[in-house]
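The values are calculated or read from the model by the stated rules, or taken from the named source; none is laboratory data. Please read all numbers here as calculations on a predicted model, not as lab measurements. Here the Cβ is made from the backbone with ideal geometry for all residues, glycine too, and neighbour counts use every protein chain on show.
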Amino acid sequence: MNDKFDDLVNDLLKNTLFEAPMAPVEEPEVEPDIETPEVEPEEKPAKPVVPKRHPLQPTRPDVKPRPQAKGPISPDVQAYINARKS
Amino acid sequence: MPERANMKLKEALDLPFGGQYFHPSKKKYVEKLPSHEKEIVTGMYPSLDKENQAYLELITSDSYKRTCDRLAKYLGVSLEELHRQYPSFSSLYSIILSNFFNIIESENLYKEELEILAVETVLDLPEFQAIKEMVNDGLLTIDARIDTPDLTNAITANELKAKPGKLTTAEKDTQNLSKEYTAEDIEVRAKRSFAKTLAQGNAINKFYLFHLVEDKLNEIDPNLVKMYGVLCAGTTMSYYSMPMVEMSRFFVDNAAVGSAEVENENTIKARGANFPILVHEIVKGIYNWLSYDIASQEQLDKETLDSEVLELMSGETIYNNFRKLIDVKDQVLIPFIIKDLLRHPAEVIKTVNAGGSKAQNVMSNLVKRARQAYNEWKNSSNPEEEL
């Protein structure tokens, strides 16, 4: 008796919980095909050309040293040169 | 080395004929440097005791001796005769000055040709092969003229001291920060000082490049070569013979006869009163261009014309010792070697200056690295060319 009851419950559970029919699934509306123009495969942008740095080139273009001088030969040497120019 | 150090402890500057042309104030300066100079010297020169100054005295004595030899040679007398006939620098002075003015007269109609010749003479040396390639490739411009020096952007120690009232906020901050130099500052100052000393020494050495173009100079005036020799040796002697005074702007503007300036990362501007001085300035300009980027703008701004005095008096021996460590076939690598050496700690420079097997080992490595750097550059532009 009990066995029969168990089978019944099992059948019931089975039907209602596990084999219950699924709600009908609505088919999604399909958009009509739209003709899309063919697109040329996009060209990859060329890598920017980085100018090669010579190993002797200064690495700090943001700084500037002071000039160096040659002299002195005579305290009034420029006066002589300027006099010649004029 | 220790024996030499002990010797230097006793006799300090070791000069021929008692240093007849060496002004006492300059002797005193070299033998007892002011603290700010001493700090730099300690940073780049090996110590031979006597509070780290014996090495400086040794190389200054050697540079002075060479100048005496050259002066005697170009005046056509022996070293003994030189000192007997010209007992003081003032007795030599009129000869040097008259040569200077006679050169101006002789060169007057050939300035443009001599300007081109000066650049070519320097760049034709193996040492400047890479620089010549850069000039040819448009990577570097050398603007060289026989003309009045342009020292507008230079500064004397006097002007630097007087500047605080006119400083911008950033400059004041810099000055406050630098009252006590940081270890990094001292390191950079020592390395820059070494680079500038090397530059001055090389430029003094290259004064005499005029011998390479004697034929062309003889076409202008057959007396030029001899006059150049007397002028170059004589003006080098004046670094030792003139009293140690603080420079003023007036003095700089009226007495200077050449200037070298890095105008920007691609341009070197050289001005000289005549051919050998222009050659000298081109060399200085190239070397300064090779080395200035190790320092900040604040550090570069504090480099004064006054500091050149010591660099000039000791430079030639420093340069000659440096060159002796490099094989003749590797001369083309010198600019790369210098550039690389300056990227190393000042201790490495000290080792190089000390000479001997340790210095040779360091140099061997630097040569290897320089060759690699140059080859990589050449291969990237011309795969078939290799050193």
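Some observations on this one:
- Any pair with Cβ under 8 angstrom, 6 or more apart, that starts in the stretch B:135-155 at a residue that is in contact (Cβ under 8 Å) with a residue 60 or more places away in the chain and away from chain A (no Cβ under 11 Å) and ends at one that is surrounded by fewer than 18 Cβ atoms within 10 Å (Cβ to Cβ) and of a type in the set (A, V, I, L, M): B:Thr141/B:Val135; B:Ile142/B:Val135
- Residue within the stretch B:174-185 that is of a type in the set (D, E, K, R), surrounded by 17 or more Cβ atoms within 10 Å (Cβ to Cβ) and modelled with pLDDT of 90 or more present: no
- Residues that are among the aliphatic types (A, V, I, L, M), touching an Asp or Glu at 6+ places or on another chain (Cβ under 7 Å), in a strand (DSSP E or B) and facing chain A (nearest Cβ under 10 Å) do not occur anywhere in the stretch B:234-256.
- Test for B:Asp215: is it farther than 24 Å from B:Arg66 by Cβ, more than 10 Å from every other protein chain (Cβ to nearest Cβ), over 13 Å from the mean Cα position of the chain (by Cα) and assigned to a helix (DSSP H, G or I): yes
- Residue list for the stretch B:105-122, restricted to those being surrounded by fewer than 16 Cβ atoms within 10 Å (Cβ to Cβ) and under 22 Å from B:Thr236 (Cα atoms): B:Glu105
- Any hit, the stretch B:215-235, residues being within 23 Å of B:Tyr319 (Cα to Cα), touching a Pro at 6+ places or on another chain (Cβ under 9 Å) and surrounded by fewer than 22 Cβ atoms within 10 Å (Cβ to Cβ): no
- Within the stretch B:236-251, the set of residues being aliphatic (A, V, I, L, M) and surrounded by fewer than 22 Cβ atoms within 10 Å (Cβ to Cβ) comprises B:Met237, B:Met242, B:Met244, B:Val245.
- Which numbered condition B:Glu303 misses (of (1) surrounded by 15 or more Cβ atoms within 10 Å (Cβ to Cβ); (2) outside any helix (DSSP H, G or I); (3) more than 15 Å from the chain's Cα centre (by Cα)): (3)
The rows are residues; the columns are (1) more than 7 Å from chain A (Cβ to nearest Cβ); (2) in a loop (DSSP other than H, G, I, E, B); (3) within 18 Å of B:Leu140 (Cα to Cα).
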site	(1), (2), (3)
B:Glu263	yes, no, yes
B:Lys269	yes, no, yes
B:Pro276	yes, no, no
B:Val279	yes, no, yes
B:Ile282	yes, no, yes
B:Asn288	no, no, yes
B:Asp293	no, no, yes
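- Residue list for the stretch B:295-315, restricted to those being at the interface with chain A (Cβ under 8 Å from one of its Cβ atoms) and over 20 Å from B:Gly201 (Cβ atoms): B:Ser296, B:Gln297, B:Leu300, B:Asp301
- B:Ile326, sole failed condition from (1) away from chain A (no Cβ under 14 Å); (2) under 27 Å from B:Pro243 (Cβ atoms): (2)
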